[in-house]
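The values are calculated or read from the model by the stated rules, or taken from the named source; none is laboratory data. Keep in mind that this is a model prediction, so the values were computed, not measured. Backbone-built Cβ (ideal geometry, glycine too); neighbour counts: all protein chains shown.
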Amino acid sequence: MSENIKVVENATCTFCGCVCDDMILTVDLDEKRITKSKNACILGKAWFAEHYIEEDAPAAMIDNKPVSIEEAVEEAARTLVNARFPITYGLSDTTCEAQRQAVAITDSIKGNIDTTTSVCHGPSGIALQGVGESTMTLGEVKNRADLVIYWGGNPAESHPRHFGRYAVTAKGMFTPRGKKDRHVVVVDVRRTPSAPAANQFIQVKPGKDFEVLWALRALVKNRAIDPDIEAITGVSLETLQELVDRMKNCRYGVLFFGMGLTMTRGRHFNSGALLALATDLNEYTHFVAKPVRGHGNVTGADNVMSWQTGYPFGVNFSRGFPRFNPGEFTTVDLLAKQDVDAALIIATDPASNFPQAAIDHLAKIPVICLDTKTSHTSQLAHVAFRTSTYGINTEGTVYRMDDVPITLRKAFDSPFPTDEEILTAVKKRVRELVLAKGRARGATGESKAAAPVQAI
Amino acid sequence: MTECIQLAGGKVHDPANGIDGDIRDLYLEQGRIVETPSSKPRKIDVSGMVVMPGGVDIHCHIAGPKVNLARKLQPEDHRRDPHPGTEHTRSGAGGTVPSTFATGYRYATLGYTTAMEAAVPPIGARHVIEEFHDTPVIDKGFYVLLGNNIFLQQLIKAGRKEEFRHAVAWWINATKAYTAKLVNPGGDEPWKGKKNSNVKNIDEKSDAIEVSPRQVIESFIETVNDLGLPHPPHIHCNNLGHSGNFETTLETMKTAGDKRVHLAHIQFHSYAGEPGKNPKSASRQIAEYVNEHPNITCDVGQVMFGKSTIMTADAPLAYMLRGFKKAKWVNADTECESGCGIVPFSYQEHVYVHALQWAIGLELFLLSKDPWRIVLSTDHPNGGSFMSYPKLIRLLMDREFRREEIKRVNQKAINGTILNELDREYTLNEIAIITRAGPARALNLKNKGHLGPGADADITIYDEMDDKEAMFNAPRYVVKSGEVIIEDHEFRQDYYGKFLHTEPGYDESIVSEVRPFFENYYSIEFANYAVNDSYLHDHEVIPTV
Amino acid sequence: MAIFLKQIATPDVPMEADNITPARFAGQTPAGVEKLAVMHGSEPRRIGDFFSVSGQFDGTINVEGDHLGRVKLIGAGMSRGVIQVDGDVGEHLGAAMSGGEIRVNGNATDWVGPEMSGGRIEIHGNAGHMVGSAYRGAAMGMTGGEIIIHGNARNEAGNAMRNGVIAIGGNSGDFTGVNMLSGSIFVLGELGIRTGAGMKRGSIVSMKEATLLPTFSYSCTYRPGYMTLYLLHLSQIFAVAEEYLEGSYKRYCGDSVELNRGEVLLYAG
Amino acid sequence: MPETMLLIPGRSSKQGTSLNKGKLGEEYLDITSTVEIDVDEMTRLGFNSGDKLRLKNHIGEAVVTCVPKKAGHLPEGMIFIAYGPTSSRLMESDTAGSGMPLSKHISVEVEKIS
């Protein structure tokens, strides 16, 4: 350890959607390492501790050969502009500033843009569009919630500080005794490490969450439910009725939910059932719900997409304006159907975690990849940029899972450019090429002959 | 480098400078209007056309957390109204809650060059400024929601006036806001903490906070006037939408005494009738009070028929509206600061209440004696989209058109109003006042809303037409900060306007009061709360008065 | 004589062909039809780049090809005439159509007849998800017309439908008739799970046993009069066993979280 | 005879921490190709800790190592794996108009190979 030490207070950990902004980072500026991350959880500690700069790694490569950033930008721009159906994907682990550039590029090239939301809480986004939601910032839970229910999520392992900072042991204005002022319920198909934090664990048969939520909705509305509900779902009518009484009689109730709902059969209808349950309960008391979002800035990606295009994910520009249709313009579908002829992948690794059919197509098309580390995707990329890490080497804005925006503080400099810098350069070059292409087309009268037709 | 421009031969409507349709040349240089140009200008012949300052929207909802949530909520609304990009401009989605780009460009295509987002919770300030960066052409600022701020209410309760004033100023600075906004003051706590209830009158104290709405209103009127914020407290009164609420509105105005105050979307607060029963018009009582009190400005919040989106910090109101249709509804609580409700909505001619709301708005316009203090608004998108402003202008300017439209709506509603008896037609100059000069004055934007030397060169040029809706729908030229953005109805370049905010002074020691509250009850760190200057980009600090 | 479109080139990326409607073809010669626009990804192209066009327009369009699966929006918004497709078609077939008829000798994928208000679609093979459905966020799916699927349909058939009929010769997927407001869905094969979730009114009929949600309750077994009539109509389209016409049906009402005025009818023998 | 079981991919702390060392690192690859099975169920199926199992379904197949999970955490017939390249191989790509492949309840045939 060197003498050249800096302490960064109120830094933000962007590993998960909790986006805890109370980090105290000790930075060894010579070693370019974070040696201590006070207040971080086990995931956050690893996030900071394992962050090191591979000084020798090339900042840009074309077909796995090092090139200058300028050459890579040129090749990336040409690849995108020449494509007929290019996609942009990822974006949940970068700043809003970078996300804004990515949408601008996709608008210019009339491509398709989607974020990791589509394979995370995208179904919850669809559910929101169907039924709305009653929701809150996390501080409201800390200050007011006397009933907290986690459904199909395991925050003890995925969001370790969720309990302490916001929802279980946190002490607030009307909950001065923390956990003693709350009843906590965990609902899941398996007894996860989150279950011990709760006063009550309810185990649902796999794939029966919808049935349980639907029965709860009926009971809230005083409709009869047959006792065979236990045989179907594994949860007794008595347990359900008791939970309903508790929900109706609490002062401020919260339903948190995870991908146990969105990733299983029923998908958006599972999330929708939960959101509708929270809405129904507002006839009796104040009740809110919130998806426990994953990556550090996945919520920012939803926000940037929504304000720039009107839609939160799964957006297509091929007609010259944004259109939204999950299942048609979402990335897994497009790749698996082999509809795509180029891809710009930012801060994610679909080649590692997508269904095999989608990965197979990704391997066949030119991929442009921005990542802070070598990944499965960067290895198969035609153009690969190595960028600096948000929240450690860059400033910028991220949105916490409850849509609260937070400004990042930089711990130390990286020799690698930011995502925003690369994307801004690509955008500039793309715009030049698109304008040139448009003029060439205009000169031959081509574009006028085939004006786009009606929109659906 | 902006070029020097001569707008030659137009009929100029510049009521702030007493010019009413005179034929004049205007010279623009370096983004401003100048007496004489320093070099040979590019001459644009606008003879036969009507020249006005760019429009100023004093109250709309165009950016920030609730607006974006309303966007996410309604793909069906965007889908039917796409906004294609051009060589110069970005694409977007329309509908009642357009994407940021569509919002900026569409305001521009109506000749508006400034708009104020009317309700942002402090913790969402960063968000609204980020969206402003992507909202082209127009200058913009926002009002920060402070009326249900628990810390400030505690200071009011404790009678700590001095600390209250510093804390309000601190919050304005920390969020880079334009003024303080009160929405249903005192109503959040019963909504969140007492099983979705609400305060029912201006003197009712909530159990948890023990402060009445009147105390909150009084405190803000006094403090914001003391601080000299360019715009007085912008108040959304209690009991919005409820029958008989005009008394609450009168009480709220009385609370101001002779101090400056702005009443938002006053149409929604001008209802007589028994609570719980159908409303009746109280536009006369309200208009009369406003007419006699020069300290008051208001915007109308006109209802226009068709699709709208209710989005408000008044969460109990949105829940009440949700009850009518049981369709999708959003509630969003913001810790220590605010509530929020969103309901997709539609105003229909045949519905008694909707027709009455429409009529009351028009009555208020027509009964108002001083156009300088009543501003054209639809509380976009609550009463309808800002895209319906041209039609609203025609309703005000064209008596025959208005009569035809009156025939199409619920007659029972009309019969309870005096709308049929009102023959007034707004003149072009009066329209220039209620859409530009008046709101600019109410905002203390000294360089906007007029065309005198030194003014911002934000100018709209219309072809003069008999059909005022068609005229105001499509200006031939729109100039923003001296740049010709729209020429012959087409975008010629992209442009990003300025961010407008104010910076009242305060005593730093207030921070030591705010911080402990913050550390106990907020979920982000105090040090990460205030918006830093990196978000400002192109901005202008409007001085206190 | 009809206009014939024979596919001569395979699109590399999705193609949007909402100009393939009788209204757009009316009064056009084959050369005129060839000039009509299609989108090939983001690239504006012409019908003639992908199809050879022959014949003469008399209200009917025949589209034939082995690679039509990427061709979306055929017949979108159509109000009259006939489109016959030989081959498998892409998404949004007959989207928002108000009249006329589309016949597909082949399979269709997702979004067949979403938000249609009238006319008829008949798919001789299978269909994908969201047959006759609402688009995301919208409160209403198909409001009229008839969709016949000879094979299977997948999830969300009739999502939020307001009126009209969907008949499926094979099986349906999950959430058949979800959020249905009115109208009828017939499934001769098996229903997936969670049939009629959130339905307010309307009828969903199946000839097989099904597991229903806990919010549906048995009311009676009877022979609904309209059933025989409609099944007779369907028996002219595909094989409907005699006993279904004559049989009685178990009626379940739901969804009790909503109005409870919808019904699911299961063949009882 | 292979046993039909329900595979639940999910997040785990170890997967989360090893992710930071790199998705190509041995640790991450190890963790994401290890399945947890209820200890009693392992006895019933004759699996020992560290055995290699083949998971197979209509999409593809993958080889994983099995470790026992304390009784009472996983219901019968359910096995848990941390998300990663291994679970991808068994994931269907149809999203039913949602964008989301069914990533959590994956039916697999489980067979011991060593």
Unique residue being over 11 Å from the mean Cα position of the chain (by Cα) and buried (at least 21 other Cβ atoms within 10 Å of the Cβ) when the list is C:Gly141, C:Gly106, C:Gly125: C:Gly141
Lone unmet requirement of (1) over 25 Å from A:Arg319 (Cα atoms); (2) surrounded by 22 or more Cβ atoms within 10 Å (Cβ to Cβ) for C:Glu91: (1)
Test: residue in the stretch C:149-158 that is more than 14 Å from every other protein chain (Cβ to nearest Cβ) and not in a loop (DSSP other than H, G, I, E, B): yes
Yes/no for A:Val304 being in contact with a strand residue (DSSP E or B) (Cβ under 6 Å, 6 or more places away or on another chain), at the interface with chain B (Cβ under 10 Å from one of its Cβ atoms), at pLDDT 95 or above and buried (at least 24 other Cβ atoms within 10 Å of the Cβ): no
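Which residue, of B:Glu87, B:Glu76, is acidic (Asp, Glu) and not in a loop (DSSP other than H, G, I, E, B)? Explain how you work it out, then say what you get.
Values: B:Glu87 fails: not in a loop (DSSP other than H, G, I, E, B).
None of the other options fit; the residue is B:Glu76.
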Scan of the stretch B:92-106 for residues that are outside any strand (DSSP E or B) and crowded, with 24+ Cβ neighbours inside 10 Å, ordered by number: B:Gly95, B:Thr96, B:Val97, B:Pro98, B:Ser99, B:Thr100, B:Phe101, B:Ala102, B:Thr103, B:Gly104, B:Tyr105
Single unsatisfied condition, B:Val216 versus (1) within 23 Å of A:Glu283 (Cβ to Cβ); (2) of a type in the set (Val, Ile, Thr); (3) touching a strand residue (DSSP E or B) at 6+ places or on another chain (Cβ under 8 Å): (1)
Matching strands (runs of 3 or more DSSP E) fully within the stretch A:352-425 where at least 3 residues are more than 14 Å from chain D (Cβ to nearest Cβ) and either surrounded by 21 or more Cβ atoms within 10 Å (Cβ to Cβ) or touching a His at 6+ places or on another chain (Cβ under 8 Å) (or both): A:367-371, A:396-399, A:405-408
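Return the total of residues in the stretch A:145-157 being crowded, with 24+ Cβ neighbours inside 10 Å and either part of a loop (DSSP other than H, G, I, E, B) or touching a His at 6+ places or on another chain (Cβ under 8 Å) (or both).
So in the stretch A:145-157, the residues crowded, with 24+ Cβ neighbours inside 10 Å come out as A:145, A:148-153, A:155.
Of the ones still in play, those that are also either part of a loop (DSSP other than H, G, I, E, B) or touching a His at 6+ places or on another chain (Cβ under 8 Å) (or both) are A:145, A:148, A:152-153, A:155.
Of the residues in that region, 5 qualify.
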Per-region count, the stretch A:121-135, residues in contact with a Lys or Arg (Cβ under 6 Å, 6 or more places away or on another chain) and of a type in the set (S, T, N, Q): 2
Given (1) more than 26 Å from B:His88 (Cα to Cα); (2) modelled with pLDDT of 95 or more, index of the condition A:Asp56 fails: (2)
Long-range neighbours under 8 Å by Cβ, at least six apart or interchain, first residue over 18 Å from A:Glu54 (Cα atoms) within the stretch A:398-423, second of a type in the set (Phe, Trp, Tyr) and buried (at least 21 other Cβ atoms within 10 Å of the Cβ): A:Val398/A:Tyr390; A:Pro405/A:Tyr399; A:Ile406/A:Tyr399; A:Leu408/A:Tyr390; A:Ile422/A:Phe385
Complete set of residues in the stretch B:206-238 that are of a type in the set (D, E, K, R), within 27 Å of A:Phe174 (Cα to Cα) and in contact (Cβ under 8 Å) with a residue 40 or more places away in the chain: B:Glu210, B:Arg214
Positions within the stretch B:398-424 being basic (Lys, Arg), over 13 Å from B:Tyr352 (Cα atoms) and touching a residue at least 40 places away in the same chain (Cβ under 8 Å), in sequence order: B:Arg402, B:Arg424
Selection count, the stretch C:211-259, where residues are within 14 Å of another protein chain (Cβ to nearest Cβ), part of a loop (DSSP other than H, G, I, E, B) and surrounded by fewer than 18 Cβ atoms within 10 Å (Cβ to Cβ): 2
Complete set of residues in the stretch A:47-72 that are touching a residue at least 12 places away in the same chain (Cβ under 8 Å) and within 30 Å of A:Gly164 (Cα to Cα): A:Trp47, A:Phe48, A:Ala49, A:His51, A:Tyr52
Residue satisfying condition, being more than 14 Å from chain C (Cβ to nearest Cβ), surrounded by 20 or more Cβ atoms within 10 Å (Cβ to Cβ) and farther than 30 Å from A:Phe317 by Cα, within set B:Val50, B:Val67: B:Val50
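What do you reckon, is B:Lys277 free of Cβ contacts under 8 Å to residues at least 40 places away in the same chain and within 14 Å of chain A (Cβ to nearest Cβ)?
Numbers: free of Cβ contacts under 8 Å to residues at least 40 places away in the same chain: yes; within 14 Å of chain A (Cβ to nearest Cβ): no.
So B:Lys277 does not fit the description; no.
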Residue tally, condition surrounded by fewer than 17 Cβ atoms within 10 Å (Cβ to Cβ), part of a strand (DSSP E or B) and in contact with a strand residue (DSSP E or B) (Cβ under 8 Å, 6 or more places away or on another chain), over the stretch B:481-528: 1
Residue list for the stretch B:425-468, restricted to those being among the hydrophobic types (A, V, I, L, M, F, W, C), over 14 Å from B:Asp20 (Cα atoms), in a loop (DSSP other than H, G, I, E, B) and touching a residue at least 24 places away in the same chain (Cβ under 8 Å): B:Leu443, B:Leu445, B:Ala455, B:Ala457
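Matching residues to (1) under 25 Å from C:Met130 (Cβ atoms); (2) under 27 Å from the mean Cα position of the chain (by Cα); (3) within 14 Å of chain D (Cβ to nearest Cβ):
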site	(1), (2), (3)
A:Asn222	no, no, no
A:Ile225	no, no, no
A:Ser236	no, no, no
A:Gly258	no, yes, yes
A:Phe269	yes, yes, yes
A:Ala289	no, yes, no
A:His295	no, yes, yes
Top-ranked residue in the stretch B:254-292 [being touching a strand residue (DSSP E or B) at 6+ places or on another chain (Cβ under 6 Å) and assigned to a helix (DSSP H, G or I); ranked as farthest from B:Gln357 (Cα to Cα)]: B:Val290
Condition check for D:Leu45: in contact with a strand residue (DSSP E or B) (Cβ under 7 Å, 6 or more places away or on another chain), at pLDDT 95 or above and either more than 7 Å from chain A (Cβ to nearest Cβ) or closer than 29 Å to A:Thr331 by Cβ (or both): no
Test: residue in the stretch A:275-283 that is at the interface with another protein chain (Cβ under 10 Å from one of its Cβ atoms) and part of a strand (DSSP E or B): no
Lone qualifier among B:Ala313, B:Ala359 - being within 14 Å of another protein chain (Cβ to nearest Cβ) and either touching a residue at least 60 places away in the same chain (Cβ under 8 Å) or surrounded by fewer than 24 Cβ atoms within 10 Å (Cβ to Cβ) (or both): B:Ala313
Residues (more than 10 Å from chain A (Cβ to nearest Cβ), part of a loop (DSSP other than H, G, I, E, B) and closer than 12 Å to D:Met5 by Cα) located in the stretch D:67-114: D:Glu76
Single residue of C:Arg120, C:Arg45 found to be facing another protein chain (nearest Cβ under 8 Å) and modelled with pLDDT of 95 or more: C:Arg45
